[in-house]
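Shown next, in structure tokens, is the structure this report addresses.
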Amino acid sequence: MTTRPSGRRRVGRILAVGLALVVTSSLTAVPASAAPIAVAPNFGSNVTIFDPSMPVEQIQATLDATYAKQVDNEMGTARFAYLFKPGTYGTTEKPLQIKVGYYTEISGLGAAPTDVVINGKVEVYNRCLADNGTGNCLALVNFWRTLSNLTININGAGQDGCRAGANFWAVSQAVSLRRLNVSGGNFSLMDYCTAGPQYASGGFIANSKFPTVINGSQQQWLTRNSEVASWSNGVWNQVFSGVVGAPDDSAFPDPPYTTVAQTPVSREKPYLFVDAKGKYNVQVPAAQRNTSGTSWSGGRTIPLSDFFVAKPSDPVWLINANLALGKNLLLSPGMYDIASSINVWHPNQVVLGIGHATLTAVNGATPLVVADVPGVVVAGVTVDAGLKESKTLLRVGVKNGFGISSPSNPTTLSDVYFRVGGPHVGKTDTALEVNSDNVLIDHTWVWRADHGLEGFTEGVNGDTQRWRTNTGRYGAVINGDNVTATGLFVEHFQKYNTVWNGDKGTTILYQNELPYDPPTQADWMNGKVEGYAGYKVGDKVRNHQLYGAGVYVFNQNNPSIHTENGFEVPNRPGVKLHHIMTVNLSAGTIDHVVNGVGAAADPPSSGVPVYVTDYPAS
């Protein structure tokens, strides 16, 4: 064991002794006794808990009011969670029809998805961005929403003819669908009821049961450990892992399906639920290997009294003191300014964010650090870069350390999102750094912003303010061995978007857009090589598996720029890529798909993917 982890334990003991009295007196969010909680804990003003006894009109009005505020609030600071106690909401004649805007979570509080029933819909529509609100309708920026742990009996009563035909979920990155039981009609991942072009760039489904799914215009999508009655169409890259009813992929790339029969490593996201006595708990599912279909029970139950329920006004020292004492952490919706790291030190600790709780780096801090210990779960958290450069935004383990890990109990990141820019300029060297072995990344979007509010204006002579000021060199750097990623979305970083140095790694669905904004070819050089591959496997890696991956190019700032390869990997028998592609989005060129293999994705072939079925060729 290295001195650094033991030093951390000494710090933990000092905090435990020195701050115990202060912490005990500060835990006002949950009672000290072990008695069942009969009323809702204090999650803060941006969490609303619905009861089935409430009139559906009241619930509808509450949700409609938030949607009106959030439908266009892409770069705003408001965060909301709407939680439904077990029961039925809406009827055949009076359905509950929910529309979900930015930074909004809709979740059931049942022990199973069937405990909360919505007779109606839960929907996201295209945003129409033209001045008259009727043109340029698309879902390409419909980010940051959560829907989980409930049943939807689709009912379009009262909607017009087109809208009544399906439950629409027109979204792109940083949006998750988990633990859903959907019936009664079609579920469409595109909004075909608005004017064109209706583009979408999602997305993620896990541990859910669906009827017919209309993929429509979705460029890429991962469905994991679920059941589907049927799946129609796909644009470039549709991946299914452990899915009952998944389409056959033998005709790849027409259609562009990738089907993995069983997910090699999975762990479902923790979730809040209310038990029969009215007590609030968090269920933490166990990790599983080589599975398919849904899993709606099992795992360990942690009473909410074992969590420190944090608000954005709570200082980091108080959060860390609770974590040092062995508490788990629940982050209520809101914006948290983090000037020193939140440190997760104990094995099996849980950090659960609700309502898209967001940690923003201040003065170059790394907002979240996870020790080299097994079983930690971080879920539902967004991490933002700040104005001063951070070395990392989230770090798991110590580089070149001797941490303890467990293949059967991997540290897990679920629905953890990163932003470098957008609402404000951000700076980081590396967004996500994973140094521990046996880590599971289950759905992440690591985004260096290509648009936003401040510092994103175009300059002159092909330069941009964004390239010089909104800086992020690496998106995800994976140094640990036996790391698995299911749903790895990484975009727009200024060097390698993903670098995978650890051995025996696996990625199931990778999506990448190279940066839009290099001013010149000289700004986009990797030594003597033109550009950086969107996915780089380290030269020393002996075993690596990649299933269903795409690298896209849109050199908006300078269409003459070239990138030599979309993927760069060592030529070894144990390094295998399955169903990979590059595509040109109208500007710039990727000369080859992987290691000099594959035709160019260039402007003359804009929108037409270049596929490599297997590398190396079998």
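Points worth noting:
- Selection of region 597-606 for residues being farther than 19 Å from GLY574 by Cβ and either assigned by TED's automatic domain parsing to the domain that holds TYR547 or touching a strand residue (DSSP E or B) at 6+ places or on another chain (Cβ under 7 Å) (or both) yields GLY598, ALA599, ALA600, ALA601, ASP602, PRO603, SER605, SER606.
- Residue selected from region 507-553 under the condition out of contact with any Phe, Trp or Tyr (no Cβ under 8 Å at 6 or more places or on another chain) and among the polar types (S, T, N, Q), by the criterion nearest to PHE489 (Cα to Cα): GLN545
- Within region 515-541, tally of residues that are of a type outside the set (Asp, Glu), more than 20 Å from SER586 (Cα to Cα) and touching a Pro at 6+ places or on another chain (Cβ under 8 Å): 4
- Search result, residues across region 68-103 that are in contact with a helix residue (DSSP H, G or I) (Cβ under 6 Å, 6 or more places away or on another chain) and of a type outside the set (Phe, Trp, Tyr): PRO86, GLY90, LYS94, LEU96, ILE98, LYS99, GLY101
- Among the conditions (1) acidic (Asp, Glu); (2) under 20 Å from LYS269 (Cα atoms); (3) surrounded by fewer than 21 Cβ atoms within 10 Å (Cβ to Cβ), the only one that ASP442 does not satisfy is (3).
- Residue match in region 198-211 (condition: over 21 Å from the mean Cα position of the chain (by Cα), under 27 Å from ALA449 (Cβ atoms) and in contact (Cβ under 8 Å) with a residue 60 or more places away in the chain): yes
- Filter result (among the aromatic types (Phe, Trp, Tyr) and at pLDDT below 95) within region 431-466: PHE456
- Subset tally (residues that are surrounded by fewer than 16 Cβ atoms within 10 Å (Cβ to Cβ) and of a type outside the set (A, V, I, L, M, F, W, C)) for region 234-274: 4
- Hits in region 74-89 - residues which are more than 15 Å from SER176 (Cα to Cα) and buried (at least 23 other Cβ atoms within 10 Å of the Cβ): ARG79, PHE80, LEU83, PHE84, TYR89
- Scope region 491-530; condition of a type in the set (Gly, Ala, Ser) and without any contact (Cβ under 8 Å) to a residue 40 or more places away in the chain; matching residues: ALA522, GLY527
- THR358 being part of a loop (DSSP other than H, G, I, E, B), β-branched (Val, Ile, Thr), at pLDDT 95 or above and more than 22 Å from ARG267 (Cα to Cα): no
- Where GLU568 falls short, out of the listed (1) under 26 Å from the mean Cα position of the chain (by Cα); (2) surrounded by fewer than 18 Cβ atoms within 10 Å (Cβ to Cβ); (3) of a type in the set (D, E, K, R): (2)
The values are calculated or read from the model by the stated rules, or taken from the named source; none is laboratory data. Fair warning: this is a prediction, and the values are worked out from it, not measured in the lab. Cβ atoms come from the backbone with ideal geometry, glycine included; neighbour counts cover every protein chain shown.
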